[in-house]
Amino acid sequence: MQSGNIFIVTAPSGAGKTTLVAALLAADKQVQLSVSYTTRAPRDGETHGRHYHFVDRATFESMIDRGDFLEYAEVYGNYYGTSETWIREQLSTGRDILLEIDWQGAQQVRRTFPEAIGIFILPPSVEVLEHRLRGRGKDDEATMQKRLAAARSEIDHVAEFDYVVVNEELDEAVRDLVSVVRAERLTQLQQMERRGRQIAAMQSLD
Ligand code: 5GP
């Protein structure tokens, strides 16, 4: 069985990553989302096991000690991490998986899985980003300033990614994201693994 692809999607907060990823998952049922662990408190509308596995610091730290995480990072004072066991299980069944993580996590994942495909989502401008963040109204001013500064630092890492999707017009950005996933499945190497016999049957083999 061919192993699945790992897609890493990274974006500054406010770029529209969650919306874009949800649209991709709805459009492409072969992609499974990795649900991260976090010590951050759930926001309104977030559910345990769907948006995140919400755990306390002690639980997270014991998971670090056990080596449960493929990667983890501390972002805005909270831990976030990706379960390695789950990733390996999914890949072995041939499923593509998608990780929604920050640039620090992306660097760590690439160390274990250098073939992982990095996709960076950009807002059209910092002004639009700020407008979107303020529209959420979920954070106090101090957190807002931290998020804006963190957004610029996140964008400093764009060159570490294979693809860049600019979320100016949502439908177009969704099409771009869906296209990246499809294109990656169509590389000659992957098609040879998937359709080796079919291709060989069409060759002259002389
Ligand atoms: P939020 O609190 O807004 O849901 O996420 C804050 C940041 O943490 C985002 O940049 C998000 O990409 C990142 N993040 C979420 N899950 C993970 C994870 O499992 N690992 C890492 N390294 N970052 C994560």
Failed item in (1) over 27 Å from Thr82 (Cα atoms); (2) at pLDDT 95 or above, with Arg194 passing the rest: (2)
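I'm checking my understanding of the structure. Among residues of the stretch 96-111 that are within 11 Å of the ligand (Cβ to nearest atom) and open to solvent by 10 Å² or more (accessible area, probe 1.4 Å), which one is farthest from Ala150 (Cα to Cα)? Write out each step before concluding.
To start, the set of residues in the stretch 96-111 that are within 11 Å of the ligand (Cβ to nearest atom) comprises 99-109.
With the extra rule that they be open to solvent by 10 Å² or more (accessible area, probe 1.4 Å), the set shrinks to 100-104, 107-108.
Details: Glu100: 16, Ile101: 14, Asp102: 10, Trp103: 11, Gln104: 12, Gln107: 17, Gln108: 19 Å.
Here the residue is Gln108.
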Selection status of Leu98, within 20 Å of Ala22 (Cβ to Cβ) and in contact (Cβ under 8 Å) with a residue 12 or more places away in the chain: yes
Residue count for the stretch 1-32, restricted to those that are part of a strand (DSSP E or B), within 14 Å of the ligand (Cβ to nearest atom) and either in contact with a Phe, Trp or Tyr (Cβ under 6 Å, 6 or more places away or on another chain) or open to solvent by 50 Å² or more (accessible area, probe 1.4 Å) (or both): 2
So Ala41, is it surrounded by 14 or more Cβ atoms within 10 Å (Cβ to Cβ) and assigned to a loop (DSSP other than H, G, I, E, B): no
Top-ranked residue in the stretch 132-155 [being free of Cβ contacts under 8 Å to residues at least 12 places away in the same chain and of a type outside the set (A, V, I, L, M); ranked as surrounded by the most Cβ atoms within 10 Å (Cβ to Cβ)]: Asp139
Among residues of the stretch 47-95, those that are without any contact (Cβ under 8 Å) to a residue 12 or more places away in the chain, loosely packed, with under 11 Cβ neighbours inside 10 Å and of a type in the set (Gly, Ala, Ser), counted: 2
Test set (1) surrounded by fewer than 17 Cβ atoms within 10 Å (Cβ to Cβ); (2) touching a helix residue (DSSP H, G or I) at 6+ places or on another chain (Cβ under 9 Å) - Pro114 fails condition number: (2)
Selection from the stretch 156-206 of residues that are assigned to a strand (DSSP E or B) and either open to solvent by less than 50 Å² (accessible area, probe 1.4 Å) or hydroxyl-bearing (Ser, Thr, Tyr) (or both): Tyr163, Val165
Odd one out for Arg43 among (1) within 11 Å of the ligand (Cβ to nearest atom); (2) touching a strand residue (DSSP E or B) at 6+ places or on another chain (Cβ under 9 Å); (3) among the charged types (D, E, K, R); (4) touching a residue at least 12 places away in the same chain (Cβ under 8 Å): (2)
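Could you check the stretch 77-152 for strands (runs of 3 or more DSSP E) lying wholly inside it with 1 or more residues that are farther than 18 Å from Tyr163 by Cα and modelled with pLDDT under 95? Let's see the steps before the verdict.
Numbers: elements: 78-83, 96-100, 117-122.
Output list reads 78-83.
The values are calculated or read from the model by the stated rules, or taken from the named source; none is laboratory data. Quick caveat: nothing in here was measured; it's all calculated off a predicted structure. All Cβ positions, glycine included, derive from the backbone under ideal geometry; neighbour counts span all protein chains shown. Just so you know, the surface numbers come from the protein's heavy atoms only, side chains and all, with ligands and any DNA or RNA stripped out. Shrake-Rupley method; radii C 1.70, N 1.55, O 1.52, S 1.80 Å.
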